[in-house]
Amino acid sequence: MEDNSRGESLCKVCGDKASGKHYGVPSCDGCRGFFKRSIRRNLDYVCKENGRCIVDVSRRNQCQACRFTKCLQVNMKRDGTLRFKGHYVFILLKSRLKSEGRFVGPRFNLGGITSQVIAARALH
């Protein structure tokens, strides 16, 4: 599932046209979103066919368990879903500052929170 006849890269999971390299693997937007939701929500799936479902463009939505298994088999990286974690921390800080009344328009003063962010990033 590398390239189609027009030289376009194909999704390693379902064979649809890949929109780019997501989580380390050429994949379509559908499989990218599915994988991201599955990881971030820590979802568990159960296959009713004992893991024998075919995952292709027309049947990729029929069995989430087999689709997720195939994502892992083609080496989609779980840690890739945390790529924008720094941005997520920024959003949380912004929300916290708003609730404390310290948010000032599009810019805000991090005050003593900067060291907390640096410490949090060092842990990950």
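Details
- Counting other Cβ atoms within 10 Å as a rough exposure proxy, the listed residues V74, V13 run V74, V13 from fewest neighbours to most.
- Under a 5 Å amide H cut-off, with hydrogens placed 1.01 Å from N, L10 pairs with D3, N4, A18 among residues at least 5 apart or on other chains.
- Close amide H partners of H22, meaning residues 5 or more places away or on another chain with modelled amide H under 5 Å apart, are S27.
- Per-residue 3J(HN,Hα) values for region 13-27, derived from phi via the Karplus relation 6.51 cos²θ - 1.76 cosθ + 1.60 with θ = phi - 60°, read 8, 10, x, 5, 5, 6, 8, x, 9, 10, 6, x, 9, x, 8 Hz in sequence order (x marks Gly and Pro).
- Residue by residue, region 49-57 carries 3J(HN,Hα) couplings of 10, 6, x, 9, 6, 8, 10, 9, 4 Hz when phi is fed to the Karplus relation 6.51 cos²θ - 1.76 cosθ + 1.60 (θ = phi - 60°); x denotes Gly or Pro.
- Per-residue 3J(HN,Hα) values for region 61-72, derived from phi via the Karplus relation 6.51 cos²θ - 1.76 cosθ + 1.60 with θ = phi - 60°, read 8, 7, 9, 5, 5, 5, 5, 5, 4, 5, 4, 6 Hz in sequence order (x marks Gly and Pro).
Readers should treat all values here as calculations from the given coordinates under stated rules, not as data from a laboratory. These figures come from a predicted structure and were not determined experimentally. All Cβ positions, glycine included, derive from the backbone under ideal geometry; neighbour counts span all protein chains shown.
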